[in-house]
Amino acid sequence: MTILLFGVTKDIIGTPQLSIPTSTFTGKESPKTVGDLRSFLQNAYPELKKLSSLAIAVNNNYAEDTKPINSFDEIALIPPVSGG
Amino acid sequence: MAENRYIRQTTLPQFGKEGQQKLKSAKVLVVGLGGLGIPVATYLNAMGVGTLGLVENDVIALHNLQRQVLYAETDVGKQKLTVAIEKLKAQNSESKLVPFATFISVTNAIEIISQFDLIVDATDNFATRYLLNDACVIAKKPLVYGALHGFEGQLTVFNYKNGPTLRCLFPSQPKQEEIPSCNENGVLGILPSIVGSLQALEVVKLVTGVGEVLSGKLLLYDGLSQSTQKIGFQVKPENLEIQKLLISYQDGGCNTLNSIASEEFLALLREKQPQIIDVRTTSEFKEDHLDRSINIPLAEISNNLNKIDFLAPVYLLCQSGKRSISAYNQLSELYPEAELWNINGGLNQLNLHIFAS
């Protein structure tokens, strides 16, 4: 699963793109919904918990936490930015 | 008007004389005359938008010049609004420029935006962005949104024909300290001009009906890879039902803020030696600072509480008065008994009064 990172999430995670290995390799359950993925990433990168709003897009569309995801989806983490 | 002034765009078959006439009749409000607002105002003025409202109350600083390309070295220390109006008048004497020498606020937002057809958000902080969003929902005005982070930009049009709003994309207003601003994080000079120019283009499309308005789609621009991506998002109808503004938009608006105006603070400074905590970055502090002020950057404030005497009044200072509010909120939670003051408008306003006197 490919995750594109924008704004401050790129700074927090330290890379513009992240790949999550599928369960075949890790033996662990991979995230099944957007909400699972959100918690998974917040555990791995606790700084993400500080963001009061963080939009997650699946295949270029804004997704609610209940949306199912699979390893072929392209995910984007989109925090608000304020600069001008 | 010289017959051929706009001929290069009226020649475009989709645009034509009709498009030009629509621009001439349009009333557009640009909130903020910084990195984003300058390309927006300059291009709209050049292309012949009839009425341009301009809201700004900041002062030109030397470190603005790398991205705010309307201003010159000789303008440093002057009001942005005054200088911008002068240059825009010289650029196009036919447009009507309506200046508002103020920051947009809960008390003036609805009154100001009601006078215009559409609003451009060229501000630099979440509090003002959420205020503008809510005000545009109430006054039923489309809002052309542009924002920056590092080498990236975000662009979309909110509240267009009952389309989605800022709260449909990012429901909760972030606290300013969650996400670093351009002051702390830095911004490459060209970036705001790219995003601001795209905002100006959206204004032209909204006004003339040419092309497709970027509503319900967030454009993400990454300058480092020259890549763009469009993310679709839907309206959440409850966000269109806002009836009135929040009491305050400063970091959630739960604290009542103890603040002091720059003139009063300067008077105090002449009589006493107040404890001044400057929460800007170390490099900003090195550039210039008030005598006897103590520098504790906002990000490090919770680790440096021992440098502050909480038995004496604490005056919090930054460049424009926004980071000092974040510091104020942090300190007031830790020391509810302390006497805290936010210096309104920060060093920018203080410098203006020092220049004036």
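No lab work stands behind these numbers, since they all come straight from the coordinates. As the structure is a computational prediction, the values presented were derived from the model and not from experiment. Heads up, the Cβs are rebuilt from the backbone with ideal geometry, glycines too, and the neighbour counts pull from every protein chain shown.
Where the only charges are on Cβ atoms (+1 Lys, Arg; -1 Asp, Glu), what is the dipole of segment B:238-349 about its Cα centre, to the nearest 20 debye?
Using only the charged Cβ atoms, the result is roughly 180 debye.
Listing A:Thr9, A:Thr2 from the residue with the fewest other Cβ atoms within 10 Å to the one with the most, what is the order?
Numbers: A:Thr9 25, A:Thr2 13.
Neighbour counts put them in this order, fewest first: A:Thr2, A:Thr9.
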Open item on the list: How are the alpha carbon pair distances in segment B:154-299 distributed across 10 Å bins from zero to the largest one, expressed in percent?
Closed with: 8, 24, 29, 22, 14, 3, 0
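Distances over 36 Å make up what percent of all Cα-Cα pairs in chain B? Write down the numbers at each step before the final one.
Working: 14559 of 63546 pairs.
Considering chain B, 23 percent of its Cα-Cα pairs are separated by more than 36 Å.
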- [ ] Would you grab the residues whose amide H sits under 5 Å from the one on A:Gly84? Only those 5+ places off in sequence or on another chain, please, with H modelled 1.01 Å from N.
- [x] B:Leu148, B:Cys182
Task: Span from the segment B:268-283 Cα centroid across to the segment B:195-261 one, whole angstrom - done: 35 Å
Open item on the list: Which of B:Asp121, B:Asp291, A:Asp36 has the fewest other C-beta atoms within 10 Å, and how do the rest follow up to the most?
Closed with: B:Asp291, A:Asp36, B:Asp121
Open item on the list: Over the Cα atoms of the protein assembly as shown, each weighted equally, I'd like the Debye log10 I(q)/I(0) at q = 0.11 Å⁻¹, rounded to two decimals.
Closed with: -0.90
Open item on the list: Using amide H atoms built in the peptide plane, which far-off residues or other-chain residues are under 5 Å from B:Gly216 H to H?
Closed with: B:Val157
TODO: Using θ = phi - 60° and the Karplus relation 6.51 cos²θ - 1.76 cosθ + 1.60, list the HN-Hα couplings for segment A:68-84 in order, rounded to whole Hz, with x at every Gly or Pro.
DONE: x, 10, 9, 5, 8, 6, 9, 9, 10, 9, 10, x, x, 10, 10, x, x
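Quick one: putting +1 on the C-beta of Lys and Arg, -1 on the C-beta of Asp and Glu, what dipole do you get for segment B:231-292 around its Cα centre, in Debye to the nearest 20?
Numbers: 7 positive and 11 negative charges, 24 e Å.
Its charge dipole is roughly 120 debye.
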TODO: Apply the Debye scattering formula to chain A, with a single equal point scatterer on each alpha-carbon and no solvent, then give log10 I(q)/I(0) at q = 0.17, 0.19, 0.20, 0.25 Å⁻¹.
DONE: -0.65, -0.82, -0.91, -1.44
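Can you pull the Rg over Rh of segment B:257-309, Cα-only, Kirkwood?
Across segment B:257-309, the Cα-based Rg/Rh ratio is 0.98.
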- [ ] Could you list, in their original order, any pairs among B:Lys24/B:Lys140; B:Lys141/B:Lys175; B:Lys140/B:Lys217; A:Lys49/B:Lys230; B:Lys17/B:Lys236 whose Cα atoms are separated by more than 27 Å?
- [x] B:Lys17/B:Lys236
- [ ] Towards the positive end of the charge dipole of chain A, with charges on Cβ (+1 Lys, Arg; -1 Asp, Glu), say which of A:Ala55, A:Met1, A:Gly14 has the farthest Cα.
- [x] A:Gly14
TODO: For every helix of n ≥ 4 consecutive DSSP H residues, a contribution of -39,500 (n - 2.57) applies; sum these over chain A, divide by its total residues, and give [θ] at 222 nm rounded to the nearest 500 deg cm²/dmol.
DONE: -6500 deg cm²/dmol
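Which value, in debye to the nearest 20, gives the size of the charge dipole of the protein assembly as shown about its Cα centre, when Lys and Arg are +1 and Asp and Glu are -1 at the Cβ?
The dipole magnitude comes to about 1220 debye.
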Task: Cα lying deepest toward the dipole's positive end in chain B, options B:Phe158, B:Val210, B:Val98, charges on Cβ - done: B:Val210
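Do the sum for chain B: with -39,500 (n - 2.57) for every DSSP H run of n ≥ 4, divided by all residues, what is the mean residue ellipticity at 222 nm, to the nearest 500 deg cm²/dmol? Walk me through the numbers before you get to the answer.
Working: 13 runs with 122 residues, N = 357.
Only helices count here, giving -10000 deg cm²/dmol.
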Task: Exposure proxy order (Cβ contacts within 10 Å, fewest to most) of B:Ser248, B:Ser93 - done: B:Ser93, B:Ser248
Open item on the list: Give the separation of the Cα centroids, segment B:288-357 to segment B:1-66, in Å.
Closed with: 37 Å
Task: More than 23 angstrom apart: percent of Cα pairs within segment B:252-356 - done: 19 percent
TODO: Rounded to whole Hz and in sequence order, give me ³J(HN,Hα) for segment B:288-302 from the Karplus expression 6.51 cos²θ - 1.76 cosθ + 1.60, θ = phi - 60°, writing x for Gly and Pro.
DONE: 6, 7, 6, 4, 6, 7, 9, 8, 10, x, 3, 5, 9, 5, 5
Open item on the list: With θ taken as phi - 60° and the coefficients 6.51, -1.76 and 1.60, list the Karplus ³J(HN,Hα) couplings across segment B:194-205 in order, rounded to whole Hz; mark glycine and proline as x.
Closed with: 5, 5, x, 5, 5, 4, 4, 4, 4, 4, 4, 5
- [ ] List the residues whose amide H sits under 5 Å from the amide H of B:Asn295, counting only those 5 or more places along or on another chain, with H placed 1.01 Å from N in the peptide plane.
- [x] B:Asp278
